[in-house]
Each structure stands twice: as structure tokens, then as C-alpha cells.
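See structure below.
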Amino acid sequence: MQTTIELDKVIKKELMIIDSKAATKAEILAELVERLAMQKAVTDPAAFLADVYLREAEGETGIGQGIAIPHGKSPAVQETTVAIATLENEIEWETLDGKGVKAVILFAVKDSDANTTHILLLQQIAILLANDIFIEHLKAVTSVDELFELIVNQK
């Protein structure tokens, strides 16, 4: 059984947004889902977005320190991947610490990957997000290249 995933296989620069102007949770989720659709990672953006909102209804995905990790597993997902955005301005989100969000990491999970890849991905991202220095760097990146390097070069 696979125990790790090479993050550079599921994280692509084309799915990253730096300093999004989105002012609400709905706006940033729509922007990230649109990016996933443009890259053919999802075939039905509306269906995938509905699945993300279903998961959101189960409990907060804002994990604190300005980070949210919304996710959806959906038949609309062609390949399990991650879309990431940093926000120009903090937005409101249901979070564990009651504070706003400055970075959003959206997991798009293919139905068939739901029990394996999804969990491994979440574990690896969770390990990164347990590091306060990583979080500070994540919120401070100024380019897609910098964001990509920050994530895939963590060991």
C-alpha cells in the first residue's frame, strides 16, 4: 500500500492563484473550481462545487491560522488534485479559531480515490500545516513559482 504521494504529481502551478481578489468564501471556491475545470481536472464544475458545499455543511474546513482546506469527492473529478489560492484580503470562513482565512487549499478528489489517495493527501498537507513557519511562508508567497516550490520541496 502506498504511504506517501509525491505532491508535485497532484499539485500543479496552473491550479494556483496568488493574491486572489475574492471577497467571500463563495467567490474563492468558484474561482478555484473554475481553475480546476480549465485544467480538465473536473468535468462538471457545478456538480463538484455542490459536492464541496455538501462537505462544508458537515463541519468547518477552516483549520485556523488563516488556512481553510475545503474538499469534495465527486464523480465530476477526473483526477485527484489540489487547487490553492492566497487571498489579497482575509475573508470570513467557519474556522476552528473563529478568525478569517488568507489561504485556501481545495482538494478535488476522484470518487475512486476517496479512501486512499484522499487520506494520504490530507495527511501530507496536514503535516505541512502543522508547521507554523510553513504557514507564515504560505501566507507570504508572492508568486506561483514560490508557492509551488514551498509545497513540493517540504520534506
Fill in: Descending Cα extents along the principal axes, the stretch 96-155, whole Å
35, 30, 18
Worksheet, complete the sentence: Listed by chain and number, the aspartates and glutamates with an alpha carbon less than 14 angstrom from that of Lys9, same-chain partners under 8 positions apart left out, are Glu79, Glu149
Item to complete: Go ahead and estimate [θ] at 222 nm for the chain from helices alone: -39,500 (n - 2.57) per DSSP H run with n ≥ 4, summed, over the residue count, rounded to 500.
Response: -12000 deg cm²/dmol
Worksheet entry | Surface share of carbon and sulfur [accessible, 1.4 angstrom probe, percent] for the stretch 10-154 | 52
Worksheet item: What accessible area per residue, rounded to a whole number of Å², is obtained for the stretch 3-119 using a probe radius of 1.4 Å?
Response: 46
Fill in: Estimated dipole of the chain in Debye, rounded to 20 [Cβ of Lys and Arg +1, of Asp and Glu -1, Cα centre]
280
Worksheet entry | Calculated P(r) of the stretch 14-71 - Cα pairs past 13 Å, % | 64
Response to the item:
Under the rule rounded for a/c under 1.5, else prolate if a/b exceeds b/c, else oblate, using alpha carbon gyration tensor axes a ≥ b ≥ c, the stretch 54-141 is classed as prolate
Worksheet item: Expressed in nm to one decimal, what extension gain is obtained for the pair Asn131 and Glu88 from 0.36 nm per residue of sequence separation less their Cα-Cα distance?
Response: 13.3 nm
Worksheet entry | Pair Asn115, Gln39: separation of 7 Å Cα→Cβ label points (nm) | 2.8
Worksheet, complete the sentence: Stretched fully, the stretch from Glu14 through Leu96 gains (0.36 nm per residue minus C-alpha distance, one decimal, in nm) 26.6 nm
Fill in: Exposure ranking of Met16, Met38 by accessible area [1.4 Å probe, largest first]
Met38, Met16
Fill in: Leading residue at positive end of dipole, the chain (Cβ point charges), from Ile84, Leu7, Leu54
Leu7
Fill in: 25 Å Cα-Cα reach of Lys99 towards lysines, excluding residues that sit fewer than 8 places from it in its own chain
Lys21, Lys25, Lys139
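The values are calculated or read from the model by the stated rules, or taken from the named source; none is laboratory data. Everything numeric here is computed off the predicted structure, so don't read it as measured data. For neighbour counting, all protein chains shown are included, and Cβ atoms are generated from backbone atoms with ideal geometry for every residue, glycine included. Just so you know, the surface numbers come from the protein's heavy atoms only, side chains and all, with ligands and any DNA or RNA stripped out. Shrake-Rupley method; radii C 1.70, N 1.55, O 1.52, S 1.80 Å.
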